[in-house]
Structure formats: structure tokens, C-alpha cells
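The values are calculated or read from the model by the stated rules, or taken from the named source; none is laboratory data. Note that the structure is predicted; figures quoted are calculated from it, not measured. FYI the Cβ positions are ideal-geometry reconstructions off the backbone, even for glycines, and counts take in every protein chain you see. Just so you know, the surface numbers come from the protein's heavy atoms only, side chains and all, with ligands and any DNA or RNA stripped out. Shrake-Rupley method; radii C 1.70, N 1.55, O 1.52, S 1.80 Å.
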Amino acid sequence: MKRIGILTSGGDAPGMNAAVRAVARKALDSGLEVFGINYGYAGLVAGDIFQMTSATVADKINRGGTFLYSARYPEFAQVEGQLKGIEQLEKFGIEALVVIGGDGSYHGALRLTEHGYNAIGLPGTIDNDVPYTDFTIGFDSACRTAIDAIDKIRDTASSHQRVFIVNVMGRNCGDIAMWAGVASGADAIVIPERDYDMQEIADNLKQGLANGKSHGIVVLAEGVMSAEKFKDELLKYGDFDARANTLGHMMRGGSPTTQDRVLATKLGVHAVELLLDGKGGLAVGIENNKITSHSMLELFEEKHHGDMSLYDMNKVLAK
């Protein structure tokens, strides 16, 4: 193997650039040539590919987003799209690939491996919803952004004795809501994985205000419902001065945290080591603070299981 490619796919996540940097410099140090692929699988099919040097990734470790850009490209799920991508890999002499993204990105990487091009997946998604890894690249940074916003919201909530519904990202996974909720002392956390009782939430908010609390904070995962709809439902159970706030895509931005930079670096280096060993079709992760790898087929058969003890603990502490 002489040449490898790198692409980022799906939603951007803080730390993706740190991962690209680690992959590129580890590969270059191992005597490989490295090619960056812009705009994910769409760029691969279009041949938007360029050779990278060590200087290409200089001053990138601290930057959010992805300097290789990203794009949705559902056409790559079809064999025709995969074969077009392979044509470009052959044209540039690229023999293996590192793909940084989530579930959809992994499906593309597995297809390429099945076509004879070893591909390794790195878990780059803020949702933390990838199986066989305790943390994904970008999750810690997204939680930091959410906590910072909730802390600011708490200031104005206290000034007016209001209840704020704060909607955070997490369509099918409530990890951001749980971690940010516990860290910010939320009065309630509402996630897709657990049923909720609006009457109980309203009663707890009323009790908190009666006990002298100056505000109420509900952290809501976007996969449950919108903040505005939740607020309307809550008002049926109490006469609250309530406001809805959606953090949205701001959670994807910003400089990555120390944890995300180090995690991305470790995973990126290990990805190259696997390719040098002739391995593909694997996804790397971190489990019990150890770098691991699993077949992508295993990931598709498994589901991420969040730390529900955080949810249960918060219900006790919020009283």
C-alpha cells in the first residue's frame, strides 16, 4: 500500500479536523502518500481529490467543522455510485480509505471494503450514537456548547422566574441531553429512550418554585418534539412563565475540547495502523479508555446504549 485517502461525511463535528491531521501525519510518517477528498462521497465520485502534505493539516487541530467539507450523498448506497467512486480511487491510485462520520458513512466504507478497497471508519458525530465506542468525536464539544448556553439561559431565567425548555440535538439518542442536563443541574431531562410524564414534570417544577427556586430548566432532546410544542404541552399542566429555546446547529460549531482533540488523534493514528496491517471494514472506538476496533457489520447489528444512570440520577437530584 502506497496511497490512502481521507474523507469526512455526514454532519460535521468538532474534532474531525484533528482526526484528519492525525491520519495524514501518521500515514506520511509511515511512508505513505495521502490524498484528501472534499465533500465526502459526493466529492469522491466527482473526483474532488488532492494530495496532502504535512503542511496541509497545520493549524487545523483547533478548528471546528471539517476543512475537507461534507455533503449528503445517498446515491452512494447504490452499486452504481460505489463503482463511480472506485473509478476515481483507481484514477488517483488510492488503495485504502479512512472515513470519518457516523452510521451512513460507515455503510459506504463497508461497501468499498467489499469491493476490495480497505476502509476504516472513525466515529465523527456529536450525537454519540455509534455502538462499540463510549464516546464519539465531537460529543464532548457539543455538550460543552450546550452547557455554556444553558448556563447563560439560567441567568435570564432566574431574573424573571421563568421556566425554559432548552432543545438540544439528539434525534434518536439522548446522550447530549443527559450529559448536559446533569452538568447544568436541569430540573428535568426528556429523551427519546424514556417515556416521560408531563404531569410529574410540571409538579416538580411547581414544587421547586414553591421551595424558593428562581427558575426552571428542562433539557429536551430534539427527537422527542420541538421546544415550542413541549412548552405548549407543559402549560396545560400549570400556569408557568415559560419560554422555548432551540440550540440547533450552533452545537456543531466551535473549537473542539481537549477530550475531542485527543480522542480524534488516538483514533486517527490507530486507523492508519490497521490499514498498514492490511485490515479494512473496521470501525475504531474507545471502550473503557482503551482504543478498540470492531467489524462494521457488528455495528449495524448493535445499538448504542446510553448511560441511563445519568437520567435516573438527575430525577433524584432535581427534586
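So here's what we get for this one:
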quantity	calculated
Relative packing of 200-207, 189-196, which averages over residues the other C-beta atoms within 10 Å, highest first	189-196, 200-207
Dipole in debye (nearest 20) - the range 140-253, about Cα centre, beta carbon charges: Lys, Arg +1; Asp, Glu -1	280 debye
Helix 198-210 vs. the chain, principal-axis angle (Cα, 0 to 90°, nearest 10)	60 degrees
Nitroxide proxy distance, nm - points 7 Å out along Cα→Cβ at Leu83 and Gln259	4.6 nm
For the chain, size of Cβ-based charge dipole, Lys and Arg +1, Asp and Glu -1, in debye	800 debye
Estimated distance in nm for a label pair at Glu90 and Lys266, the labels positioned 7 Å out from Cα along Cα-to-Cβ	4.0 nm
Residue-averaged [θ]222 nm for the chain, counting only DSSP H segments that reach four residues, each worth -39500 (n - 2.57)	-13000 deg cm²/dmol
From phi via Karplus (6.51, -1.76, 1.60), per-residue ³J(HN,Hα) for the range 258-268 in Hz, x at Gly/Pro	4, 4, 5, 5, 6, 4, 4, 5, 4, 5, x
Protection-proxy order for peptides 38-49, 236-247, each taking the mean of Cβ atoms within 10 Å per residue, highest first	38-49, 236-247
Fraction of antiparallel bridges per DSSP, the chain only, in percent to nearest 5	25 percent
Surface per residue (accessible, 1.4 Å probe) for the range 140-253, Å²	44 Å²
Theoretical FRET efficiency, 1/(1+(r/R0)^6), r = Cβ-Cβ of Lys319 and Gln199, R0 22 Å, to 0.05	0.90
Leading residue at positive end of dipole, the chain (Cβ point charges), from Leu44, Gly121, Asn17	Asn17
Amide hydrogen neighbours beyond the local backbone of Gly216, cut-off 5 Å, H modeled	Arg162, Val163, Phe164
In nm, spacing of pseudo-spin labels at Phe300 and Gln51 (7 Å Cα→C-beta vector)	3.5 nm
Calculated Rg and Dmax of the range 140-253 using C-alpha coordinates, Å	12.8, 38
Sequence-distant lysines (8 or more away, or on other chains) whose Cα lies within less than 16 Å of Lys319	Lys206, Lys213
Portion, in percent, of the accessible area of the chain that falls on carbon or sulfur, probe 1.4 Å	47 percent
